[in-house]
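The values are calculated or read from the model by the stated rules, or taken from the named source; none is laboratory data. Every value quoted in this text rests on a predicted model; they were computed, and no experiment measured them. Because the Cβ atoms are built from the backbone with ideal geometry, glycine has one as well, and the counts that use them run over all protein chains shown. These area figures cover heavy atoms from the full protein model, side chains too; ligands, DNA and RNA do not enter into them. Shrake-Rupley method; radii C 1.70, N 1.55, O 1.52, S 1.80 Å.
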Amino acid sequence: MKKDIFAESQKLSNIVNKIRSVLIKHDFYELFPPSITKYSENLIKGLKFADGRNFYLLKPDVTSWLIDMDKVEEKEKVFYISEVLDENLSGVWQFGFEILNGEEVKIEEEILRLTIEILSLLDIKNFFIDVSSIRSWERILKAVPQYRDKILRAVELRNFEIIENLPLDEEVKLSIANLFNYRGKETNIPKLNTIIKNINDPRIYIDLGTMKYMNYYEDVVFEIYSPDNGYLLGNGGQYKINGKYSCGMALNLDIIGEMMR
Amino acid sequence: MTTISTALPSGRLLEDSKDFLKKIGINVKEPANRELISYENGYTFYFPRAFDVPVYVENGVDIGICGSDVVLERNNEVYIPLELPFGKCRMSIILPENREISFQKMEGYKIATKYPEITKNFFSEKGLKVKILKLNGAVELAAKTGIADAIVDIVDTGNTIKANNLKEAYKIMDISAVLLVNRITQKTKFDFINDLINKAKNYKNGVKGH
């Protein structure tokens, strides 16, 4: 039996309208990313295909497309709604919002405040946001470059045994263990402490084991989740477009729809 | 009180999984009759097929146990914090006992297996193109009947392959039972999960020490 596409669209439309209203109130405007772009190795996700002359991507990740465009001059506050495809043609509806060419820390805070405002308006209260710093890992990864992939794999699986079995100094292992298991409200990373203090919401935690896999993030990354659902509600982080400090969040509309059922 | 949902593999790993959990303070209750769920002391136990355990954990069940072969084949988004001290075996290339060939010369071979992803990855990493026949069980038969040139399967004692006039030609990887944790549970039940992993590690190190 076919899905009831009208009921599905109506539900999605109700969610999207609420999110739109918050962002427009805060001076964001809607960006319309193309469905098809020329293939670039910097683009993430999307379905790769060729027309006999060139390679293209159908519905890639929008942030990686924005970065690849490399065209930001002024401060821009944009949002977009896009179905992002993977190589198996499986799609996820995303609502993304980004502040491009903004001020360090201030835009991370603005993105987090907006996220909280949006989820509250959608009546999703039982959620948490984890904040982490990729740079806190980079220091260790640079010190032992030959084990970079294995360490990243260990973090991805949260498997400390992989680290224990590497021929690393005990001091390095201890540093990794401290990052792996740190979850709380204060760290030795001033930027994260500032964000947590200024947002001042009990649902925001620092979890340094949260590492984002998208290769464009530079430092601060976020993950939104709820005890009521086994999947991430959204994720985001800080990156640069032609050297301009930027930050964004992408909400997974399918999961948010499930949460509102 | 925190409630924890647990997916345990029905089949060969179930008894060892129950023993292991008991050793770290979790008593598993067998489901009544033909039910697939049981409840005990704040735990809900589900008993899916071993091959489906990672799917349950990815989709909201807090923790699970299955073989590392299943995790590699399924490639679900779950945390795998620990290898467990049971379910040890290996995944190997198996040939008819009268055939002598190294895997490097298997270009164009037809390989029957329950594990098409692992098999595909193994041969493509070695730069070899093979044709994979996906079967759901009793893969030895494919080699015996000649519909496949070789098989890739789990080998434990080796008795089944010997009984079918086959031989283990090349070990692809070691296999072990593993603990799986849902990505969100790791965050929302952080203390419980860390405590569980520590207990499991201590038990495992104790087993190693003996």
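Carbon and sulfur atoms: what percent of the 1.4 Å accessible area of the protein assembly as shown do they account for?
Working: 11450 of 23640 Å².
Summing carbon and sulfur atoms, their accessible area is 48 percent of the total for the protein assembly as shown.
Enumerate the calculated ³J(HN,Hα) couplings along the stretch A:248-253 in order (Karplus 6.51 cos²θ - 1.76 cosθ + 1.60, θ = phi - 60°), each rounded to whole Hz, writing x wherever the residue is Gly or Pro.
Result, rounded to whole Hz: x, 9, 10, 8, 8, 5.
Which pairs, out of A:LYS150/B:LYS22; A:LYS77/A:LYS106; A:LYS18/A:LYS185; B:LYS22/B:LYS199, put more than 22 Å between their alpha-carbon atoms? Walk me through the intermediate numbers first.
On the way: A:LYS150/B:LYS22 32 Å; A:LYS77/A:LYS106 13 Å; A:LYS18/A:LYS185 30 Å; B:LYS22/B:LYS199 11 Å.
Over 22 Å apart, Cα to Cα: A:LYS150/B:LYS22; A:LYS18/A:LYS185.
What are the semi-axes of the equivalent ellipsoid for the stretch A:34-155, taken as the square roots of 5 times the Cα gyration tensor eigenvalues, largest first, in whole Å?
Details: eigenvalues 142, 117, 58 Å².
Those come to 27, 24, 17 Å.
A drop of at least 40 square angstrom in accessible area, chain alone versus all protein chains together, probe 1.4 Å. Which residues of the stretch B:174-195 meet that?
Output list: B:ARG183, B:ILE184, B:LYS187, B:THR188, B:PHE190.
Would you mind giving the three semi-axes, in whole Å and largest first, of the ellipsoid equivalent to chain A according to its Cα gyration tensor?
Values: eigenvalues 183, 108, 76 Å².
Computed over chain A, the values are 30, 23, 19 Å.
Suppose we look only past 35 Å in the calculated P(r) of the protein assembly as shown. What percent of the Cα-Cα pairs does that tail hold? Can you show the working numbers first?
Working: 46009 of 110685 pairs.
The answer is 42 percent, as a whole percent.
Going by accessible area, probe 1.4 Å, with all protein chains left in place, what is the ranking of A:PHE6, B:PHE192, largest first? Kindly include the intermediate steps, with their values, before the conclusion.
On the way: A:PHE6 160, B:PHE192 55 Å².
Putting A:PHE6, B:PHE192 in descending order of accessible area: A:PHE6, B:PHE192.
If each Cα of the stretch A:1-93 is one equal point scatterer, what is log10 of I(q)/I(0) from the Debye formula at q = 0.10, 0.15, 0.22 Å⁻¹?
Normalising to I(0) and taking log10 leaves -0.35, -0.73, -1.14.
What is the spin-label model distance, in nm, from B:ASP191 to A:LYS11 if the labels are put 7 Å beyond Cα along the C-beta direction?
According to this spin-label approximation, the distance is 3.6 nm.
Any idea how far the Cα center of the stretch B:47-61 sits from the one of the stretch B:139-200, in Å?
Taking the Cα centre of each part, the stretch B:47-61 and the stretch B:139-200 sit 15 Å apart.
Starting from the Cα-Cα distance between B:SER102 and B:GLU117, subtract it from 0.36 nm times their residue separation and give me the gain in nm to one decimal. Could the numbers behind the result be given before it?
Values: separation 15, 0.36 × 15 = 5.40 nm, distance 2.09 nm.
Extra length available between B:SER102 and B:GLU117 comes to 3.3 nm.
Over the stretch A:98-193, average the accessible area per residue using a 1.4 Å probe and give it in Å², no decimals. Let's see the in-between values first.
Working: 4670 Å² over 96 residues.
Normalised by residue count, the accessible surface of the stretch A:98-193 is 49 Å².
In Å² (nearest 100), what accessible area is buried between A and B, both sides summed, heavy protein atoms only, 1.4 Å probe?
Working: alone 13980 and 11320 Å², together 23640 Å².
That pair of chains buries around 1700 Å² in total.
What's the longest uninterrupted piece of chain B once you rule out the GluC sites (Glu not before Pro) that are loop residues per DSSP with at most 12 other Cβ within 10 Å?
Details: sites that count: B:GLU35, B:GLU100, B:GLU107.
The longest such stretch corresponds to B:108-210.
Can you report the principal axis dimensions of the stretch A:183-261 using only the alpha carbons, biggest first, rounded to whole angstrom?
39, 31, 21
For A:ALA50 and A:GLU104 in the same chain, what is the full-extension length gain: residue separation times 0.36 nm, less their Cα-Cα distance, in nm?
Contour length minus the Cα-Cα distance gives 15.5 nm.
Give a quick list of GluC sites (Glu not before Pro) in the stretch A:159-251 that DSSP marks as loop, anything other than H, G, I, E or B, with at most 14 other Cβ atoms within 10 Å. Each step should come with its number before you reach the end.
Details: sites: A:GLU161, A:GLU164, A:GLU170, A:GLU171, A:GLU186, A:GLU218, A:GLU223; in loops: A:GLU186, A:GLU218.
Hits after loop and neighbour filter: A:GLU186.
For the stretch B:89-173, place one equal point scatterer on every Cα, skip the solvent, and apply the Debye formula. What is log10 of I(q)/I(0) at q = 0.24 Å⁻¹?
Result of the Debye calculation: -1.25.
Can you list the residues, at least 5 places off or on another chain, whose amide H is less than 5 Å from the amide H of A:VAL220, using H built in the peptide plane?
A:ILE134, A:GLN238
Bin width 10 Å, alpha-carbon pairs only: give the P(r) of the stretch B:19-177 as whole percents, running from 0 to the bin holding the largest distance.
10, 34, 30, 18, 8, 1
Per residue, how much accessible area does the stretch B:89-173 show when a 1.4 Å probe rolls over the protein heavy atoms, in square angstrom? Could you put the intermediate results ahead of the total?
Numbers: 4540 Å² over 85 residues.
I get 53 Å² per residue for this part.
Separation between the B:LYS199 and B:SER10 pseudo-spin-labels, each 7 Å from Cα along Cα→Cβ, expressed in nm?
2.6 nm
Just to verify a number: what accessible area does A:ARG148 come out at with the full protein assembly present, 1.4 Å probe, Å² rounded to tens?
90 Å²
With axes computed from alpha carbons, what is the tilt in degrees of helix B:14-23 against the longest principal axis of chain B, rounded to the nearest 10 within 0 to 90?
The angle comes out near 40 degrees.
Given points 7 Å out from each Cα along the Cα-Cβ axis, report the B:GLU125 to A:LEU166 separation in nanometres with one decimal.
Label-label distance for B:GLU125 and A:LEU166, simple model: 1.8 nm.
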